[in-house]
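None of the figures in this text is laboratory data; all of them are computed from the coordinates on show. Please read all numbers here as calculations on a predicted model, not as lab measurements.
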């Protein structure tokens, strides 16, 4: 696991924001391969938004299925469900928390494999 960080203060419910981060990091670990990597980065955008990006080297995510991963109970078609205790709720929870904080969340499949999830939250 690799962390990069810059100050990224955001205003919001600390319990919900902790849950958001825990869901993203937990998903990045759970949906990775043996020997894979993940990165957590924080920064600000134009002084107006706090940014969080969690990226992993997990399975290939086809671009046409990325946004559907925000749907409750939705999981990748190629996911190994036998070794997964999840229910497909993590990213829908992340979206709900982000929406409640008037932020945005987006999924960006990596060309090699894996996924980058970017959350932008207003600083005020």
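Could you tell me the center-to-center distance, by alpha carbons, between region 22-42 and region 4-18 in angstrom?
18 Å
Compute the length gained on full extension between residue 37 and residue 21: take 0.36 nm times their separation in residues and subtract their Cα-Cα distance, giving the result in nm to one decimal.
Numbers: separation 16, 0.36 × 16 = 5.76 nm, distance 1.69 nm.
So the chain would gain 4.1 nm between residue 37 and residue 21.
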